[in-house]
1. Out of the residues in region 405-432 that are touching a helix residue (DSSP H, G or I) at 6+ places or on another chain (Cβ under 9 Å) and either outside any helix (DSSP H, G or I) or within 16 Å of ligand 2 (Cβ to nearest atom) (or both), which is most open to solvent (accessible area, probe 1.4 Å)?
2. Sort out which residues of region 472-498 are under 13 Å from residue 415 (Cα atoms) and assigned to a helix (DSSP H, G or I), and write them in order of number.
3. Which ones in region 355-378 are part of a loop (DSSP other than H, G, I, E, B) and either within 16 Å of ligand 1 (Cβ to nearest atom) or touching a residue at least 60 places away in the same chain (Cβ under 8 Å) (or both)?
4. Between a first residue in region 393-405 that is more than 16 Å from ligand 1 (Cβ to nearest atom) and a second residue that is hydroxyl-bearing (Ser, Thr, Tyr) and open to solvent by 40 Å² or more (accessible area, probe 1.4 Å), which pairs have beta carbons less than 8 Å apart while being 6 or more apart in sequence or on different chains?
5. Just name the residue that is surrounded by the most Cβ atoms within 10 Å (Cβ to Cβ) out of those in region 48-68 that are under 19 Å from the mean Cα position of the chain (by Cα), within 8 Å of ligand 1 (Cβ to nearest atom) and not β-branched (Val, Ile, Thr).
6. Applying the selection to region 19-47, what residues are more than 10 Å from ligand 1 (Cβ to nearest atom), of a type in the set (A, V, I, L, M) and touching a residue at least 40 places away in the same chain (Cβ under 8 Å)?
7. Tally up the residues in region 588-617 that are part of a loop (DSSP other than H, G, I, E, B) and either in the same structural domain as residue 83 (by TED's automatic domain parsing) or open to solvent by less than 60 Å² (accessible area, probe 1.4 Å) (or both), please.
8. Residue 347 fails exactly one of the following numbered conditions: (1) part of a helix (DSSP H, G or I); (2) within 16 Å of ligand 2 (Cβ to nearest atom); (3) touching a residue at least 24 places away in the same chain (Cβ under 8 Å). What is the number of that condition?
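The values are calculated or read from the model by the stated rules, or taken from the named source; none is laboratory data. Given the structure is predicted, the values throughout are model-derived calculations rather than measurements. Virtual Cβ from ideal backbone geometry, glycine too; neighbours counted across all protein chains shown. With ligands, DNA and RNA removed, areas are computed over all heavy atoms of the protein, side chains included. Shrake-Rupley method; radii C 1.70, N 1.55, O 1.52, S 1.80 Å.
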Amino acid sequence: MNDTSPLRAASAPHLLSLLKQVFGFAEFRPHQEQIILETLAGRDIFAALPTGGGKSLCYQLPSLVRSGLTIVISPLIALMKDQVDSAKAAGVEAACLNSSISPAERHEVYSALATGALKLLYIAPERLAMDGALEELTAWNCTAVAIDEAHCISEWGHDFRPDYRQLKRIREQYPNIPITALTATATRRVQDDVITQLGLKNPYTIRASFNRPEIFYRVEPKRDALTRIASFVKARASLSGIIYRATRADVEATATYLQKQGIGAACYHAGLSDETRRQHQDDFKADRIPVIVATIAFGMGIDKPDIRYVIHGDLPKSLESYYQETGRAGRDGENAETLLLWSIGDLAKTRWHIRQLDDSGEQERAGKALQSMLRFADTFACRRRILLAHFNEEHPGNCGSCDVCTGEVESIEATEDARKFLSAAIRTHQQYGAHYLADIVKGTLSDKIRDKGHQNLPTFGVGADMTKKHWLAIANDLEAAGFTYRDEERYKAVTITQEGMELLYGRREFRTVRRAKDSKEKLHAAAYRLPLAPNGQERELSEEDKKLFEALRALRFNKAKEIGKPPYIIFPNRTLIAMAVFRPRTQEELLACPGVGEKKLEAWGKLFLNEINAFLEQ
Ligand code: ADP
Ligand code: ZN
């Protein structure tokens, strides 16, 4: 990259001071600065940055530097209000035009546009399709366009929106207005398509790493899902989390179970009224409830930055969806955790659904997607490495932040056990289910076994030293690894595949993964942890710090309620934690806390300083 032009060299320090002054951040996230410099030099941009990468800043900050208006195209009306609120809270004059605002509000926006008071205008793509809409750009003195979720223009992407196709008219009509296209999900094919469709000219192109180092990945066999979910959630009380379940019935059951244990949880699925869904989503955003239990219908409309964990109670359909859904955790860059529970039952259900698809191409795609998901869930290798490999990104492994790398799970040699189980199946002519076979191996004399005389088989009781749970787990693992399948037409009888035969006859080995016996689950997403710049070392808060943090959090909650906005609009958690640790007494000291810019200092500084002073005087 050629950065030597005087304009670029001169503006870099200026950008950094704006970053601090307005947004309260001390440094740029990867690629932000370069993107901003390039767009200010008039260049088109294509940027694929992961969720939480800080895409908004890439158009918000330049809008403050250039004269005129920056138009932001965003597909989700539900998100626009939050985006506008966040921008305004930092002191960037912003507004939106979409079908959800009242005539009075619209009038106000138009007056602001007429006087040139706005820096950012968020609009939905369908609005540009309206007659004369593009001409308005001249009237509004539009000098830049940013397109959020730019992958929506491509049919190769996963949420193609026909309305996005209108956007190519921007370039046709305004060849000289620089366009910034942003997305979190572009494959290379989508990238090329977006660039062509929008008519970007020699764009500055960035594909950031899709690694999310702040996210811890964890996968477990699903046994008693509700108990496991409840214990996970309880260990992280008061932190925000999302729990995904495959069906509405499971969503309801999980939420009810958690509520009975005194956990504030609400449901979100397509069977609820719009009103109820919105209410639950607002409660979640405003921290009135910590947990939302949802089908995958939930997520697109939320960009709460401080979600600390995402649980999947069932196997997702593809690694892409898993990546996206888990990616909703930790957008603020603080530690976050994931937990995936899955069972052979999940696998069987998904396979059944795939068989119901009409189109053979679709069947094949769905089958491949499931295979990639399984490769991630059912392998003893660094999860991050497998996940990133799926997005064509190499990672050396040994990430130190997944259950495999931290030794929470271990790989065990299970060839002998597998053979014992398979031979029980062979000797009973592959006519029985896993429970029955486990009883034979374990040597449990049930009525049914006595009836059939199977206590006389040589396999009976060969595995008496292990629990039945162990044998059922072996049965599951064998099926997951493709050595057996259950024949749905024959009462789920365990049937041995070609590979299974090879294993049985000694031509293959078998290893499986277990939760390490005495591994304690480490809490990775703690409410009270502060990464201390510049060395990035973490430090736990003292008991006193925690008290102050809670006091500040309560203050923030009440103020947020008063102004009818989510608490994170006032300050993110990181800012409150910094206040609790550094205990600023003056405005200058407060300004040094991350996330405090001049506008926020003016709006909230006194209030928070008073709270800190009151606490210190006690
Ligand atoms: P994306 O749209 O890429 O998912 P956002 O623009 O919503 O990400 O930003 C995610 C979070 O990161 C926001 O809370 C934002 O304030 C914060 N953020 C953005 N840039 C920086 C930065 N340079 N330093 C610290 N935090 C940042
Ligand atoms: Zn790892």
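1. Just the residues of region 405-432 that are touching a helix residue (DSSP H, G or I) at 6+ places or on another chain (Cβ under 9 Å), to begin with: 405, 414-415, 417-428, 430-432.
Keeping just the survivors that are either outside any helix (DSSP H, G or I) or within 16 Å of ligand 2 (Cβ to nearest atom) (or both) gives 405, 414, 428, 430-432.
Values: 405: 39, 414: 3, 428: 3, 430: 37, 431: 109, 432: 28 Å².
Among them, the one singled out is 431.
2. Matches in region 472-498: 474, 475, 477, 478.
3. Of the residues in region 355-378, the ones part of a loop (DSSP other than H, G, I, E, B) are 357-359, 378.
Scanning region 355-378 gives a single hit, 378.
4. 393/209; 400/406
5. First, the residues of region 48-68 that are under 19 Å from the mean Cα position of the chain (by Cα): 48-56.
Narrowing further to those that are within 8 Å of ligand 1 (Cβ to nearest atom): 49-56.
Still in the list and also not β-branched (Val, Ile, Thr): 49-50, 52-56.
Working: 49: 23, 50: 19, 52: 22, 53: 24, 54: 19, 55: 26, 56: 20.
Among them, the one singled out is 55.
6. 22, 35, 45
7. The total comes to 5.
8. With (1) part of a helix (DSSP H, G or I); (2) within 16 Å of ligand 2 (Cβ to nearest atom); (3) touching a residue at least 24 places away in the same chain (Cβ under 8 Å) applied to residue 347, the lone miss is (2).
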